[in-house]
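Visitor: So that we are looking at the same thing, I have put the structure below in structure tokens.
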Amino acid sequence: MKLWGGNYSADPDRDFWEFNRSFPFDRRLIAEEIAASRAYVRALGRCAAIPADEADRLDGALERLAQQVQADPAGLDADMEDVHSFVETRLTEAVGDLAGQAHLGRSRNEQAVTALRLWIRSATDRLREAVARLVETLAEQGRAGADAVMPGYTHTRAAEPITYGHLAAAHAWGLVRDHERLADARRRANVLPLGSGALAGTALPVDREALARDLGFDSASPNALDAVMDRDFAAEFVFACAQLQTHLARLAEDLIWLSSPEYGFFTLPESFTTGSSLMPQKKNPDALELVRGKAARVDGDVVRLLILMKGLPAGYQKDLQEDKEAVFDAADTTAASVAVMTGVVAGLGLDRDAMRRAASREEMMAAGLAVALAREGIPFRKAHGLVGSLVAEARKTGITLREAAARVLPAHCPAVASRLEAVFDPDQAVRAKAARGGTAPDAVRESLAAAVERVRRG
């Protein structure tokens, strides 16, 4: 069944028909399309555009259709143009010509965007729940390793000692912002287009605000033309997915290289690795590599939507049929990546000894040594230069930085020279960073607790 064609004398070209059909992918909107149709026929009944008993019959038939589709998804393999024609065809089979009244004053332009907004709203809610679980999983791991000393890196070079909990909290806070970014995108998606007609609005006395409430929308769209033609809400949702996927990719990268034999700080759960077809000893971090790689895919979905909208004139254009696959792909990819990452993090093992050995490299205490000298009255830049000269001497002569400091510092700062053992202790180095947001164990626990509270608060 086509929803058009009264002025046509022949069927469309078969190749074009397949090219034009969106049902192979927009059938994912079947629940949302039926929900919107049910709300619309109820609205028609409330404003007396159709008799109340007809509205009830249509609503009941749509409810039964929803149950049938849920019980037998194989019925969605029909050769239909799109999800809207599928619903109307099945409705016609149930109630005859009365089914046409469900389309009274309604355009597929508004139907398509309404269903998509409903779908994005639900997808956002599911994704936010999954992100919250990942934040909680990171927090649990971080609390367990709040005092586990490890190297921190800048420019991929060892910089200063930190704790594993500090690293976990860093990744958790990026995800907290993703959780909030998705909520913000949801707010802009949660606006009702239904009642906009094809572009000019509706001539029916439909109470659009009541219709919005019926479908759980915050409000009705203020301009009919804007409502049917823009997909900025979809692009914003996909961008939120892409930013989330980027944070997942960065976490994946840290776990990949820091779990390698050369570092050995982490042990990945075996169930999220694969073996080599040639080298029997290998346990490859494929799950993490795929999470990292799929960031490129979701980034592409953002670009796809932005380019799709870039040159469109005002009004609905068939180009906009291309919006859904990008949205579905971004949502599916990101949701799968969050689930996989949650499993990896939950099963992560820490090698505290390997982490502490790496954090005990004396050059990593150079910044702390310079700060200690400055706190004893030596101007920081002068202290920085002095410690830099000690590093150079140690490298040149083959002695340790602590040995070089013990030789030189008594003449410059006896107070610091007398407590070099404490200055070069990585555990004391991290405990010294006790200000809010620092790597000290108590500060880390506070940060992790705040991250969990933020996602639980919603």
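Read-outs: derived from the displayed coordinates by stated rules, not from any lab. Model, not experiment: these values are computed from the prediction. Please note: Cβ atoms are built from the backbone with ideal geometry, for glycine as well, and neighbour counts cover all protein chains shown.
Visitor: Find the centroid of the Cα atoms in the stretch 112-127 and in the stretch 179-249, then give the distance between the two in whole Å.
Guide: 9
Visitor: Separate question: With N residues in the stretch 387-442, what two-decimal value do you get for its Cα radius of gyration over 2.2 N^0.38 Å? Don't skip to the answer; put the middle values down first.
Guide: On the way: Rg = 13.5 Å, N = 56, 2.2 N^0.38 = 10.2 Å.
Ratio of Cα Rg to 2.2 N^0.38 Å: 1.33.
Visitor: Could you tell me the center-to-center distance, by alpha carbons, between the stretch 391-414 and the stretch 2-78 in angstrom?
Guide: 80
Visitor: Report P(r) for the stretch 259-379: all Cα-Cα distances, bin width 10 Å, range 0 to the bin holding the largest distance, values in whole percent.
Guide: P(r) for the stretch 259-379, in whole percents per bin: 10, 23, 20, 18, 15, 10, 3, 0.
Visitor: At most 15 other Cβ atoms within 10 Å plus a DSSP loop assignment makes a site exposed; report the longest stretch of the chain without any exposed GluC sites (Glu not before Pro). Write out the running numbers ahead of the final one.
Guide: On the way: sites that count: Glu262, Glu376.
Between the exposed loop sites, the longest stretch runs 1-261.
Visitor: Skipping prolines and chain starts, which residues have an amide H placed within reach, meaning under 5 Å, of the one on Met150, given they are 5 or more residues away or on another chain?
Guide: Counting only residues 5 or more places away or on other chains, the set is Ile162, Thr163, Tyr164.
Visitor: Also, I was wondering about something else. Along the stretch 44-61, what does the Karplus equation 6.51 cos²θ - 1.76 cosθ + 1.60 (θ = phi - 60°) give for ³J(HN,Hα), rounded to whole Hz, x for Gly and Pro?
Guide: Each residue's phi maps through the Karplus curve to give 4, x, 5, 8, 6, 5, 9, x, 4, 5, 5, 4, 5, 5, 5, 4, x, 5 Hz.
Visitor: Would you mind checking the stretch 252-295 for residues with the amide N under 20 Å from a putative spin-label position 7 Å along Cα→C-beta of Ala339?
Guide: 252, 269-274, 286-295
Visitor: Still on this structure: With a Förster radius of 45 Å, plug the Cβ-Cβ distance of Asn20 and Ala144 into 1/(1 + (r/R0)^6) and report the FRET value to the nearest 0.05.
Guide: Working: r = 56 Å, r/R0 = 1.24.
Efficiency computed from Cβ-Cβ geometry: 0.20.
Visitor: Estimate the FRET efficiency between Ile399 and Arg456 by the formula 1/(1 + (r/R0)^6), using the beta-carbon distance for r and 60 Å for R0, to the nearest 0.05.
Guide: Numbers: r = 52 Å, r/R0 = 0.87.
FRET efficiency, Ile399 to Arg456: 0.70.
Visitor: Let me ask something else. With a point put 7 Å past each Cα toward its Cβ, work out how far Asp125 is from Lys318 in nm, to one decimal.
Guide: Placing both labels 7 Å along Cα→Cβ, they lie 3.5 nm apart.
Visitor: Let me ask something else about it. May I ask you to evaluate 6.51 cos²θ - 1.76 cosθ + 1.60, the Karplus curve with θ = phi - 60°, for each residue of the stretch 292-302 and list the ³J(HN,Hα) values in order in whole Hz, giving x for glycine and proline?
Guide: 5, x, 6, 4, 5, 5, 6, 4, x, 5, 4
Visitor: Given the DSSP H assignment, sum -39500 (n - 2.57) over each helix run of at least 4 residues in the chain and divide by its residue total; what's the result at 222 nm in deg cm²/dmol, nearest 500?
Guide: Numbers: 20 runs with 292 residues, N = 458.
The per-residue figure over the chain is -21000 deg cm²/dmol.
Visitor: Taking only Cα atoms, what is the 0 to 90° angle, nearest 10, from helix 380-397's long axis to the longest principal axis of the chain?
Guide: Helix 380-397 sits at roughly 70 degrees to that axis.
Visitor: What does the extension gain come out to for Arg177 and Asn284, with contour length at 0.36 nm per residue minus their alpha carbon separation?
Guide: Numbers: separation 107, 0.36 × 107 = 38.52 nm, distance 3.03 nm.
Computed gain between Arg177 and Asn284 is 35.5 nm.
Visitor: Let me ask something else about it. Would you kindly calculate the mean projected area, averaged across all directions, of the convex hull enclosing the Cα atoms of the chain, in square nanometres? Intermediate results must be reported in sequence, preceding the final value.
Guide: Details: hull surface 118.9 nm².
With every direction weighted equally, the projected area is 29.7 nm².
Visitor: Residues with amide H under 5 Å of Leu350's amide H, sequence separation 5 or more or different chain, H placed in the peptide plane at 1.01 Å from N; which?
Guide: HN-HN under 5 Å from Leu350: Thr267.
Visitor: Suppose R0 equals 60 Å; then what is the FRET efficiency for Asn223 and Glu376 from their Cβ-Cβ distance, rounded to the nearest 0.05?
Guide: Values: r = 67 Å, r/R0 = 1.11.
About 0.35, to the nearest 0.05.
Visitor: Over the stretch 212-270, what per residue volume does the convex hull of the Cα atoms give, in whole Å³? Numbers along the way, then the final one.
Guide: On the way: hull volume 8.1 nm³, N = 59.
Per residue, the Cα convex hull of the stretch 212-270 comes to 137 Å³.
Visitor: On C-alpha positions alone, give me the angle between the axis of helix 323-346 and the longest principal axis of the chain, in degrees, nearest 10.
Guide: Roughly 40 degrees between the two axes.
Visitor: Note the direction-averaged projected area, equal to a quarter of the hull surface, for the Cα convex hull of the stretch 316-458, in nm². Display every interim value, and only then the final one.
Guide: Values: hull surface 62.2 nm².
That works out to 15.5 nm².
Visitor: For the stretch 271-320, what is the Kirkwood hydrodynamic radius in Å, using each pair of distinct C-alpha atoms? Intermediate values should be presented prior to the final figure.
Guide: Working: mean 1/r = 0.0704 Å⁻¹.
14.2 Å is the Kirkwood radius here.
Visitor: Once you have the Cα-Cα distance between Arg157 and Lys310, take 0.36 nm times their residue separation minus that, and quote the gain in nm to one decimal. Let's see the in-between values first.
Guide: Numbers: separation 153, 0.36 × 153 = 55.08 nm, distance 4.21 nm.
Here the answer is 50.9 nm.
Visitor: Could you work out how much longer the chain between Leu350 and Glu262 gets when fully extended? Use 0.36 nm per residue separation minus the Cα distance between them, nm to one decimal.
Guide: Values: separation 88, 0.36 × 88 = 31.68 nm, distance 1.47 nm.
Residue separation times 0.36 nm, minus the Cα-Cα distance, leaves 30.2 nm.
Visitor: What nm distance separates the two modelled labels at Val391 and Arg419, each placed 7 Å from Cα along Cα→Cβ?
Guide: For Val391 paired with Arg419, the spin-label model returns 2.3 nm.
Visitor: From the convex hull of the Cα coordinates of the stretch 55-149, what is the mean projected area in square nanometres? If you can, show how the numbers build up before the last one.
Guide: Details: hull surface 39.4 nm².
Mean projected area of the Cα convex hull: 9.9 nm².
Visitor: When the Karplus curve 6.51 cos²θ - 1.76 cosθ + 1.60 is applied with θ = phi - 60°, which whole-Hz ³J(HN,Hα) does each residue of the stretch 442-451 get, with x for Gly and Pro?
Guide: 5, 5, 5, 4, 5, 5, 5, 5, 5, 5
Visitor: Next question, about the same structure. How far apart, in nanometres, would the label points at Ala71 and Ala198 be if each is projected 7 angstrom from Cα along the Cα-to-Cβ direction?
Guide: The two pseudo-label positions are separated by 3.8 nm.
Visitor: Sticking with this structure for a sec: Given N residues in the stretch 240-281, what is its alpha carbon radius of gyration divided by 2.2 N^0.38 Å? Kindly include the intermediate steps, with their values, before the conclusion.
Guide: Values: Rg = 13.0 Å, N = 42, 2.2 N^0.38 = 9.1 Å.
Relative to the rule-of-thumb radius for its length, the stretch 240-281 sits at 1.43.
Visitor: For the chain, take the longest principal axis of its alpha carbons; what is the angle in degrees between that and the long axis of helix 232-258, to the nearest 10 within 0 to 90?
Guide: Roughly 30 degrees, rounded to the nearest 10.
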